[in-house]
Each structure stands twice: as C-alpha cells, then as structure tokens.
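S.K.: The following block contains the structure, expressed as structure tokens.
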Amino acid sequence: MNEDFINHARLAIKAGRRCAFATVVESTVKGTPRKAGAKMIVFDDGSTHGTIGGGRNEKDVIARCLEAITQNETRLMTYDYFGRKGESVCGGQIRVFIEPVKQARKFILVGAGHIALPLSLIVKSLDYQLTIIDSRRAFANPQRMPWADKILVGKPAAQLKKCRIDGRTDIMIVTHGNEHDYEALQAVIGAPEIGYLGCISSQAKRVKFFRRLREDGVAEKYLKRISIPAGLDIGAQTPAEIAVSIAAELIRRNNPDATGTDKFRTKD
C-alpha cells in the first residue's frame with residue numbers, strides 16, 4: 001500500500017471520519033479494468049480516493065463499503081465482466097476484499113484516584129485512547145499517569161463537555177466525591193450516542209442517584225445506559241480488584257457476540 005493511501009486514511013480518522021479499503025485481491029489476466037493490488041478508499045459520506053475500475057461494479061463496491069463501515073464487517077465480493085445481463089462487457093473477473101478501518105475506542109476516565117490508577121493501566125493495555133479528568137493536579141498529571149493520551153484538569157462536568165462523545169466512547173466515573181460523580185453523570189447521560197457508561201457506587205448510592213436523575217427530568221431510556229454499581233460482581237475488594245471487575249464488564253459489553261450477552265443490558 002502506498003503512502004498516499006495511508007495518509008488519506010490517517011487524515012480521515014483524525015477528522016473523525018470513518019472509511020473502508022477496497023482492494024482487488026484476484027483478477028483474470030485479460031479483460032478487467034484493474035488488476036490485483038488496485039485499491040480504493042471509500043469514506044462514510046460516499047466520497048472516494050482511488051479506483052478499482054469504475055463503472056457499475058465500482059458503484060456496487062462503494063455501496064458495500066458503506067455497509068461494511070456501518071456494520072464493522074469485512075467482506076469478499078466477486079464481479080464478472082462477461083457481458084451477461086447486469087454485467088460489464090470487458091471480459092474477465094475480479095474479487096474485491098472490503099475492509100473497514102477500525103477506529104480505536106475512546107475511554108474517558110473521570111477521576112484519577114486509587115481505583116483510576118490501575119484501571120487506566122488496564123484500559124491502555126486494551127488499546128483505548130485514554131483521557132483522564134480530575135480537578136486535582138496532584139493526581140491528574142503526566143508524571144503519575146504517563147500512559148494517558150490526554151489529561152484534563154478541572155471540574156469533571158465542565159471538562160466532560162469539552163470531549164467529543166460518540167458510540168465508540170466508553171466512560172467510567174470514579175471521582176473523589178459523590179457530588180462530583182453525580183454532576184459528571186448528569187453531563188453525559190443525555191449524549192446522542194455513548195458506549196459504556198459506568199459509575200462507582202454502592203446500592204444505596206444507586207437508589208439516590210436514580211431518584212435525583214428522575215427528579216431532574218432524565219428519561220428512563222437514558223437511565224438504562226448506566227452501569228451502577230459498575231463492574232462484574234467478582235467479590236472485588238482492593239482498588240486493583242475493582243479495576244479488574246470494571247474492565248471485565250467493559251470487555252463483556254463490547255463483545256456481545258462472543259459472550260451471548262445483550263450489549264445494551266444494564267443491571268436491574
């Protein structure tokens with residue numbers, strides 16, 4: 001793959017756009033407009049860079065790429081050029097491999113205390129882009145957490161509003177105070193799209209938070225987003241064990257097909 005294609009994909013990802021590569025992996029010796037190795041990038045708005053030969057087959061490949069981007073699935077397509085009904089007349093056949101570019105998931109860790117420290121290490125080992133938010137500079141700093149991609153110091157709710165949140169953004173709220181937790185939860189619960197949303201909590205705190213959120217007018221469909229208390233019930237006691245339980249729940253939620261669990265299921 002030449003550097004030009006890599007740069008176009010990199011710029012798209014940096015701008016928050018999604019894309020897919022379409023590569024001719026097999027072709028007959030004669031008749032096809034492009035041979036094995038020809039590539040095209042299809043962006044999520046339907047625009048393209050490069051070509052695999054043009055015409056009706058390329059149009060279909062663009063449509064399949066857009067499906068692959070949405071469904072996050074690879075696919076292998078075969079196209080004939082034998083002049084039969086609905087086919088081009090060049091002669092020959094190509095096979096096109098379609099591969100969506102998977103963007104790294106983002107993890108926003110609201111809080112940089114005792115649980116956040118081991119959790120941030122686990123999250124980075126899972127290849128997340130990690131943002132840490134805390135109002136305490138003594139906790140949220142590059143010396144203490146050098147593996148963080150971004151550190152935001154300030155009131156959690158205010159800093160969260162600066163972050164771009166989408167369906168590939170997972171958030172864990174574990175601040176040093178219940179009121180900070182509530183304000184952070186309030187700031188993100190109504191986001192149009194969001195991934196995992198967890199909050200450190202006891203059962204009593206859960207009841208109190210849900211009552212307050214309902215009183216503040218938060219709809220039930222948004223309350224169902226919250227994993228509270230966060231983490232799988234594995235008897236965790238220490239900060240490191242609690243971090244493992246949260247990471248385990250995060251992994252299970254993001255891999256529903258592998259575990260047989262409902263991706264959107266929350267605690268009763």
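The values are calculated or read from the model by the stated rules, or taken from the named source; none is laboratory data. On a predicted model such as this, the values are computed, not experimentally measured, just so you know. Here the Cβ positions follow ideal geometry from the backbone for every residue, glycine too, while neighbour counts run over all protein chains shown.
S.K.: Check off (1) without any contact (Cβ under 8 Å) to a residue 12 or more places away in the chain; (2) under 24 Å from the mean Cα position of the chain (by Cα) for Val123 and give me the number that stays unchecked.
M.R.: (1)
S.K.: Next question. I need every pair where a residue in segment 211-227 that is over 14 Å from Ala191 (Cβ atoms) has its Cβ under 6 Å from the Cβ of a residue that is crowded, with 18+ Cβ neighbours inside 10 Å and of a type outside the set (Asp, Glu), sequence separation at least 6 or different chains.
M.R.: Every condition considered, the pairs that remain are Ser227/Gly198.
S.K.: Do we have any residue at all in segment 73-83 that's touching a strand residue (DSSP E or B) at 6+ places or on another chain (Cβ under 8 Å), surrounded by fewer than 17 Cβ atoms within 10 Å (Cβ to Cβ), touching a residue at least 24 places away in the same chain (Cβ under 8 Å) and within 30 Å of Asp149 (Cα to Cα)?
M.R.: For segment 73-83, residues touching a strand residue (DSSP E or B) at 6+ places or on another chain (Cβ under 8 Å), surrounded by fewer than 17 Cβ atoms within 10 Å (Cβ to Cβ), touching a residue at least 24 places away in the same chain (Cβ under 8 Å) and within 30 Å of Asp149 (Cα to Cα): present.
S.K.: Moving on to the next point. Among the candidates Ile41, Ile69, Ile62, single out the residue that is touching a helix residue (DSSP H, G or I) at 6+ places or on another chain (Cβ under 8 Å) and either among the β-branched types (Val, Ile, Thr) or at positive phi (or both).
M.R.: Ile41
S.K.: Just checking, which of Ala247, Ala243 is farther than 15 Å from Ala184 by Cα, assigned by TED's automatic domain parsing to the domain that holds Val174, in contact with a Pro (Cβ under 8 Å, 6 or more places away or on another chain) and not in a loop (DSSP other than H, G, I, E, B)?
M.R.: Criteria check complete, one pass: Ala243.
Results for (1) under 21 Å from Leu160 (Cβ atoms); (2) assigned to a helix (DSSP H, G or I), shown as yes or no for each residue.
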| residue | (1), (2) |
| --- | --- |
| Gln186 | yes, yes |
| Arg206 | yes, yes |
| Arg211 | no, yes |
| Gly217 | yes, no |
| Gly231 | yes, no |
| Ile251 | no, yes |
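S.K.: Return the residues of segment 26-50 that are hydroxyl-bearing (Ser, Thr, Tyr) and more than 17 Å from Val101 (Cα to Cα); say none if nothing qualifies.
M.R.: Ser27, Thr28, Thr32
S.K.: Another question, if that's okay. Of everything in segment 180-238, what is at positive phi and surrounded by fewer than 15 Cβ atoms within 10 Å (Cβ to Cβ)? Give them in sequence order.
M.R.: Matches in segment 180-238: Gly217, Gly235.
S.K.: Would you point out which residue out of Ile171, Ile194 is within 24 Å of Leu232 (Cβ to Cβ) and part of a loop (DSSP other than H, G, I, E, B)?
M.R.: Result of the check over Ile171, Ile194: Ile194.
S.K.: Still on this structure, please answer the following. Could you look through segment 111-157, keep only residues that are in a strand (DSSP E or B) and charged (D, E, K, R), and pick out the one that is nearest to Glu193 (Cα to Cα)?
M.R.: Of everything passing the filter in segment 111-157, Lys150 is nearest to Glu193 (Cα to Cα).
S.K.: A further question on this structure: Kindly list the number of the only condition in (1) under 15 Å from Val110 (Cα atoms); (2) in contact with a Pro (Cβ under 9 Å, 6 or more places away or on another chain) that fails for Ile228.
M.R.: For Ile228, the failing item is (2).
S.K.: Okay, next question. Tally the residues that are aliphatic (A, V, I, L, M) and closer than 15 Å to Ala240 by Cα, restricting the search to segment 110-156.
M.R.: Of the residues in that region, 8 qualify.
S.K.: Only one of Ile108, Ile94, Ile41 is assigned to a strand (DSSP E or B) and free of Cβ contacts under 8 Å to residues at least 40 places away in the same chain. Can you tell me which?
M.R.: Being assigned to a strand (DSSP E or B) and free of Cβ contacts under 8 Å to residues at least 40 places away in the same chain holds for just one of Ile108, Ile94, Ile41, which is Ile41.
S.K.: Mind listing whichever residues of segment 140-179 are small (Gly, Ala, Ser), buried (at least 17 other Cβ atoms within 10 Å of the Cβ) and within 21 Å of the chain's Cα centre (by Cα)?
M.R.: Ala148
S.K.: So, of the residues in segment 19-28 that are surrounded by fewer than 20 Cβ atoms within 10 Å (Cβ to Cβ) and of a type outside the set (S, T, N, Q), which turns out to be farthest from Arg168 (Cα to Cα)?
M.R.: Ranking the candidates gives Glu26 first.
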